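Student: Questions regarding the structure given below will be posed in turn.
The values are calculated or read from the model by the stated rules, or taken from the named source; none is laboratory data. For clarity, every value in this text was computed on a predicted model and none was experimentally measured. Because the Cβ atoms are built from the backbone with ideal geometry, glycine has one as well, and the counts that use them run over all protein chains shown. Calculation scope for accessible area: heavy atoms of the full protein, side chains included, ligands and nucleic acids excluded. Shrake-Rupley method; radii C 1.70, N 1.55, O 1.52, S 1.80 Å.
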Amino acid sequence: MAKNNSIKKGVEKIIIANWKMQLDLKDSLILAKKMKSKFAKFKKGKVVICPDLVSLRDVGAILKGSNVKLGAQNVFWEEKGPYTGEISPRTLKDIGCEYVIIGHSERRKNVAENYEMIYKKTKAVLNTDGLTPIVCIGENWDERKTDRRDFVLAEQLQQALGGLEIFDNQRIIVAYEPIWAIGSGTAMEPQEADYAHKIIKLTLNNMFGMQILNKNFKVIYGGSVSSKNVKDFNSENIDGLLVGGASLNAEEFYKVADIITSK
Ligand code: PGA
């Protein structure tokens, strides 16, 4: 009884590298090879790399059969049709992607991606067997400063996921990324991050129930995590990390993954 009524702790952590548009094809392949060998014996958690769209296929070929999984940074919500410049979930799956980032704040800001689109993308990805959405949420500095964070997070979750039916075999990762911490070099205070993760999990509990929260969801943190501060995020409420800058170097990224998965 108690088991179904409390948030599950100590789940397998997932560490996701978001390479953004930081590397060209050549450097993506070099780094993918380094990551593959660095993580060859890593068994403490799941590791995912999200290169840019053009590098996906070749990075996937390098990672094939290894411990490191492939993810994309964006996707469209339709399966097929006249959608110039877009990529379908099915095509991502076909080239070996198992994960896809949806609604990163840089897309919300730079190409006006909104939560209506994020909802449609999440739904399409959930309906693609074997593909897991990484849905990004997070408040901006002004919202944080004026104590509106809890409300903003609940609202974003509602807009991104409200009304979705989650089936037994489907998984969703919610990436909590306070916009003001991304790429700033200053991560969030650990107690604050822990608190925000609790709020997100309680909201998901209200939306989907504890059983689905525990089985189908992970909630991870992103925003200026590095080997220097990652220890602070080793909390039972934080199920993993979305890492930008610190994922552009195999040694550094390995340290981050190693520390966050240490007991
Ligand atoms: P950062 O990026 O680690 O460089 O702050 C995180 C992200 O945007 O996913």
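Student: With every protein chain kept in place and ligands, DNA and RNA left out, what is the accessible area per residue of the chain? Probe 1.4 Å, answer in Å².
Tutor: 49
Student: Now for a different question. Setting aside same-chain residues fewer than 8 positions from K145, which lysines have a Cα under 23 Å from its Cα?
Tutor: Of all the lysines, those that pass the test against K145 - Cα under 23 Å, at least 8 places apart if same chain - are K109, K198, K201.
Student: Apply the Karplus curve 6.51 cos²θ - 1.76 cosθ + 1.60, θ = phi - 60°, to the phi angles in region 192-205 and return the couplings in whole Hz, x for Gly and Pro.
Tutor: Per residue, the Karplus-derived 3J(HN,Hα) values read 5, 5, 4, 4, 4, 5, 5, 4, 4, 5, 5, 5, 5, 4 Hz.
Student: To the nearest 500 deg cm²/dmol, what mean residue ellipticity at 222 nm is calculated for the chain from DSSP H runs of n ≥ 4 alone, each contributing -39,500 (n - 2.57), summed and divided by the residues?
Tutor: Mean residue ellipticity at 222 nm (helix-derived): -11500 deg cm²/dmol.
Student: Decide, for the chain, between rounded, prolate and oblate: order the square roots of the alpha carbon gyration tensor eigenvalues as a ≥ b ≥ c, take rounded if a/c falls under 1.5, and otherwise choose prolate if a/b is larger than b/c, else oblate. Working shown, then result.
Tutor: Working: a/c = 1.35, a/b = 1.13, b/c = 1.19.
Judged from the Cα gyration tensor, the chain comes out rounded (a/c under 1.5).
Student: Report the relative contact order of the chain, percent, no decimals, based on alpha-carbon pairs under 8 angstrom and at least 6 residues apart.
Tutor: Reported as a whole number, the value is 21 percent.
Student: Amide H to amide H, which residues 5 or more places from V225 or on other chains are under 5 Å from it, using H placed in the peptide plane?
Tutor: Amide H neighbours of V225: G244.
Student: List the residues whose amide H sits under 5 Å from the amide H of I14, counting only those 5 or more places along or on another chain, with H placed 1.01 Å from N in the peptide plane.
Tutor: It is K46, G240, L241, by chain and number.
Student: Can I ask one more? Quick one: dipole size for the chain, taken about the Cα centre, charges +1 on Lys/Arg Cβ and -1 on Asp/Glu Cβ, in debye to the nearest 20.
Tutor: Value, rounded to 20: 980 debye.
Student: Give a residue-ordered list of calculated ³J(HN,Hα) values for region 44-54 (Karplus: 6.51 cos²θ - 1.76 cosθ + 1.60, θ = phi - 60°; whole Hz; x for Gly, Pro).
Tutor: 7, x, 8, 10, 10, 10, 10, x, 6, 4, 5
Student: Rounded to the nearest 0.05, what FRET efficiency do S37 and I95 give with R0 = 25 Å and r taken as the Cβ-Cβ distance? Could you check?
Tutor: After rounding to 0.05, the efficiency reads 0.65.
Student: Below 8 Å between Cα atoms, with a sequence gap of 6+, how large is the relative contact order for region 132-219 in percent?
Tutor: 39
Student: In region 63-102, which residues have a backbone nitrogen under 12 Å from the label point lying 7 Å from M21's Cα in the Cα-to-Cβ direction?
Tutor: none
Student: For the chain, what % of the accessible area comes from carbon and sulfur atoms, probe 1.4 Å?
Tutor: Numbers: 6390 of 12760 Å².
Carbon-and-sulfur percentage of accessible area, whole number: 50.
Student: Within a Cβ distance under 13 Å of Q191, other residues only, what is the Lys/Arg minus Asp/Glu net charge?
Tutor: My count for the surroundings of Q191 gives -3.
Student: Let me ask another. Below 14 angstrom from the Cβ of L131, what's the summed charge of the other residues (Lys, Arg +1; Asp, Glu -1)?
Tutor: +2
Student: My understanding is that a pair violates if its Cα-Cα distance is over 21 Å; which of K44/K93; K93/K123; K34/K93; K41/K218; K9/K120; K44/K123 do that in this structure?
Tutor: Long pairs (Cα-Cα over 21 Å): K44/K93; K34/K93; K41/K218; K9/K120; K44/K123.
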